[in-house]
Amino acid sequence: MKVLVIFADMLRANRLSTFNDAVEIDTAIDTNFRELGGTIYKNCFTPGPDTPRGISTFTSGIPPHLNGCDIRIKWTRDFLHPHLKTVYDLFLEKDYKIDLLSDPRERAIGLFPENISNMTVHNSDYYDIDQYLDEIVIEDDHFIMLCLPQFHWTLDALGASENGEKHALNDISLAFNKVFNKLDKDIFDHIFVFSDHGFKFTHEVRMSPDFMLLNEDRTHTVLIHRKKFDSKLTFNDKLCSLADIYPTFEELLGNNPNGLSL
């Protein structure tokens, strides 16, 4: 089985037409999603609206207040409870090859669990998606995770304005295009696309009461699951969490899921 996971950092679901019916115009990344196909989970949320907590939930299948990464400065490598079996362990136990592309700066501060951080499964200390995709060799039992930080990078550079968002959406779309220009989507038995949290525009932070800073703008996340040969988008409205990806992997690997599989 070949599994591709795409992690799109900070992509805000309620600003996308594929996740929010009130958005009438497709953004560039919406177009990518429609071309990809699969199931859109329109009501997926993160238990922790920042990268350390969101990724810890994906990694462990357990919410941050239980997995050790319970505040936004606690990253997976140093604070995830060491007794927990991670998504990467699930695949390693089945003798899967693992390949991981990530921003070396995030990797250095603890994006991955300690045992995975120390493995030779990562890109170099320079983020070059083109080179990475040119050199990767797909095998039969293979788990690939591509971290795409382009949206976050561009929004940080240009500011959390609608203009910044427009450029950021175009940049994440360009990265998405690079992936599927190099990798045939139908090579993979399963493709998962998710974001770890959303964001707030600067004007929203200034004009909204403090209790609104953690509403769905930050907690509503992207989640897509595409099975091989899915050609169209379907939509699922059930309430789900980033924690549900872990038991889904368990089920796909033939294990009894410890949680709610998608």
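The values are calculated or read from the model by the stated rules, or taken from the named source; none is laboratory data. Computed from a prediction, not measured in an experiment: that's the story for all the values here. So basically every Cβ, Gly included, is an ideal-geometry build from the backbone, and we count neighbours across all protein chains shown. To get the accessible areas, we keep the full protein, side chains included, count just its heavy atoms, and leave off ligands, DNA and RNA. Shrake-Rupley method; radii C 1.70, N 1.55, O 1.52, S 1.80 Å.
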Can you run down the residue pairs with Cβ atoms below 8 Å, 6 or more apart or on separate chains, where the first is in the stretch 3-25 and within 15 Å of G37 (Cα to Cα) and the partner is of a type in the set (S, T, N, Q)?
S17/T27
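Have a look at P149, P209 and point out the one that is open to solvent by less than 50 Å² (accessible area, probe 1.4 Å) and either more than 18 Å from the chain's Cα centre (by Cα) or closer than 30 Å to F91 by Cα (or both).
Details: P209 fails: open to solvent by less than 50 Å² (accessible area, probe 1.4 Å).
So the residue among P149, P209 that is open to solvent by less than 50 Å² (accessible area, probe 1.4 Å) and either more than 18 Å from the chain's Cα centre (by Cα) or closer than 30 Å to F91 by Cα (or both) is P149.
Checking the structure you have, find out if any residue of the stretch 188-202 is more than 19 Å from the chain's Cα centre (by Cα), surrounded by 14 or more Cβ atoms within 10 Å (Cβ to Cβ) and touching a residue at least 40 places away in the same chain (Cβ under 8 Å).
Initial filter on the stretch 188-202 (more than 19 Å from the chain's Cα centre (by Cα)): 201-202.
Adding the requirement that they be surrounded by 14 or more Cβ atoms within 10 Å (Cβ to Cβ) leaves 201.
If we keep only those that are touching a residue at least 40 places away in the same chain (Cβ under 8 Å) as well, we get 201.
Taking every residue of the stretch 188-202 in turn, at least one turns out to be more than 19 Å from the chain's Cα centre (by Cα), surrounded by 14 or more Cβ atoms within 10 Å (Cβ to Cβ) and touching a residue at least 40 places away in the same chain (Cβ under 8 Å).
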Here are the criteria: (1) at pLDDT 95 or above; (2) open to solvent by 10 Å² or more (accessible area, probe 1.4 Å); (3) not in a helix (DSSP H, G or I). Tell me which single one H167 does not satisfy.
(3)
Pairs only if they're at least six apart or on different chains, beta carbon under 7 angstrom, first in the stretch 41-52 and touching a residue at least 40 places away in the same chain (Cβ under 8 Å) and closer than 19 Å to H65 by Cβ, second part of a loop (DSSP other than H, G, I, E, B) and among the hydrophobic types (A, V, I, L, M, F, W, C); list them, first residue then second.
P49/L214; P52/C69; P52/I73; P52/W75
Here are some conditions: (1) within 16 Å of P47 (Cβ to Cβ); (2) open to solvent by less than 70 Å² (accessible area, probe 1.4 Å). P257 meets all but one. Which one does it not meet?
(1)
Return the residues of the stretch 1-23 that are under 19 Å from K166 (Cα atoms), out of contact with any Pro (no Cβ under 9 Å at 6 or more places or on another chain) and aliphatic (A, V, I, L, M); say none if nothing qualifies.
L11, A13, L16, A22, V23
Can you tell me which of (1) open to solvent by 10 Å² or more (accessible area, probe 1.4 Å); (2) within 28 Å of F229 (Cα to Cα) is the one L80 doesn't meet?
(2)
Of those in the stretch 40-76 that are crowded, with 19+ Cβ neighbours inside 10 Å and among the aliphatic types (A, V, I, L, M), the residue nearest to S241 (Cα to Cα) is I62
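Just wondering, is there one or more residues in the stretch 234-248 that are of a type in the set (D, E) and under 22 Å from M1 (Cα atoms)? Working first, answer last.
Restricting attention to the stretch 234-248, the residues satisfying the condition of being of a type in the set (D, E) are 237, 244.
Next, only the ones that are under 22 Å from M1 (Cα atoms) stay: 244.
Yes, the stretch 234-248 has at least one match.
Taking the condition of being assigned to a helix (DSSP H, G or I) and open to solvent by less than 70 Å² (accessible area, probe 1.4 Å), how many residues in the stretch 129-141 meet it? Can you show your working first?
Filtering the stretch 129-141 for residues assigned to a helix (DSSP H, G or I) gives 129-135.
So of that shortlist, the ones also open to solvent by less than 70 Å² (accessible area, probe 1.4 Å) come out as 129-130, 132-133.
Result for the stretch 129-141: 4.
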What pairs come up if the first residue lies in the stretch 76-92 and is within 15 Å of G54 (Cα to Cα) and at pLDDT 95 or above, the second is open to solvent by less than 30 Å² (accessible area, probe 1.4 Å) and aromatic (F, W, Y), and their beta carbons are under 7 Å apart, counting only those six or more places apart or on different chains?
T76/F112; R77/F112; V87/F58; V87/Y246; V87/F249
Filter result for the condition that a residue is among the aromatic types (F, W, Y) and loosely packed, with under 15 Cβ neighbours inside 10 Å, over Y96, Y88, Y126:
Y126
